[in-house]
Amino acid sequence: MRPSTIPNNKKIARPLIILFWLGVWGGVSLLINREIYLPSPIRTLRAFIELSTTAEFWSSIAMTFIRVAIGFLVSCLAGVILGILCGLNRFLYDAFNPLAITIKSTPVMSVIIIALIWFQSGQVPIFVCFLMCFPVIWTNVVQGVKQVDKRLLQMAKVYKVDRWHILKGIYIPSLTPYLMAGIITSLGFGWKVTVAAEVLSSPKYSIGGHLYNAKVYLESPELFAWTSVVIVLSFAFEYLFKRIAANMTNHSH
């Protein structure tokens, strides 16, 4: 009986935790009593409802999502291909590793400012998302390739197994957990850096542009409402990918 009660306890605990932190937010807002510094959850919800009735709200979410999706997918494609090649070839790894370390060490704001010089406003968030997510995917894929069981590779060589079956039966199963971890990490990070890039580049129809405008006009409820949208979207896509990854793993077994 005990194992069956654990999921139910989790389902009850999660809403209670959310309500607790909403209560903390509301309590601090009451103590400060200055909406410009910290609007209450109710005032933020009202601002969200008002925003959600406009077409621009949904257009901005859609355009930001498209920018995140493009940047993220390109980073995944480049990270997987180069990660596999670098994991198999020591020279390529030594050549790309300093680049990955440099990108990881560079502040996001520096990348955004450089991108503003190189690209148009609508392309800046896509480039920033790609560049900041790429090292995470690349590093995880390289690690996955390096963790392949050498004994299995030797056995495949002895039995003259063709390269396609070695890739499908040995490399991909070893690589998958590392790739999934990298993708999950990059998903949340990708939303943050894309919106940050939108704040500075201000492309037409963007969540970041609305965040900047709310800050300029001191519309704190709108600022918190848009911030909540980013958080919810980031969590939603991360949760969705985890479910898809879990289903894929179950079907493979």
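Quick note: the coordinates plus some simple rules give every number you see, no bench work behind them. On a predicted model such as this, the values are computed, not experimentally measured, just so you know. Note that each Cβ is placed from the backbone with ideal geometry, even for glycine, and that neighbours are counted across all protein chains shown.
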**Asked** For region 59-252, how many pairs of lysine residues have a Cα-Cα distance under 29 Å, where the two are 8 or more positions apart or belong to different chains?
**Response** 18
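Taking 0.36 nm per residue of sequence separation and subtracting the Cα-Cα distance, how much length would be gained by fully extending the chain between residue 22 and residue 105, in nm to one decimal? Don't jump to the answer; show the numbers that get you there.
Numbers: separation 83, 0.36 × 83 = 29.88 nm, distance 3.47 nm.
Going from the current span to full extension adds 26.4 nm.
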**Item:** Exposure proxy order (Cβ contacts within 10 Å, fewest to most) of 180, 132
**Value:** 180, 132
**Prompt:** Around residue 202, which amide H atoms from residues at least 5 apart in sequence, or from another chain, sit under 5 Å from its own amide H, with H modelled in the peptide plane?
**Reply:** none
**Asked** Hey, got the dipole for region 59-252? About the Cα centre, +1 on K and R Cβ, -1 on D and E Cβ, debye to the nearest 20?
**Response** 760
**Prompt:** Can you sort 25, 58, 138, 191 by how many other beta carbons sit within 10 Å, fewest first?
**Reply:** 58, 25, 191, 138
**Message:** Please compute the length gained on full extension between residue 49 and residue 88, using 0.36 nm multiplied by the number of residues separating them and subtracting their Cα-Cα distance.
**Reply:** 8.8 nm
**Message:** Under a crude label model (7 Å from the Cα following the beta-carbon direction), how far is residue 30 from residue 59 in nanometres?
**Reply:** 4.1
**Using θ = phi - 60° and Karplus 6.51 cos²θ - 1.76 cosθ + 1.60, couplings along region 228-242 (whole Hz; Gly, Pro as x)** = 4, 4, 4, 4, 5, 4, 4, 5, 4, 6, 5, 5, 4, 5, 4
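Past the 32 angstrom mark, what percentage of all C-alpha to C-alpha distances in region 59-252 do you count? Can you show the working numbers first?
Values: 4784 of 18721 pairs.
Of the Cα pairs, 26 percent sit more than 32 Å apart.
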**Prompt:** How big, on average over all directions, is the shadow cast by the Cα convex hull of region 177-235, in nm²?
**Reply:** 4.2
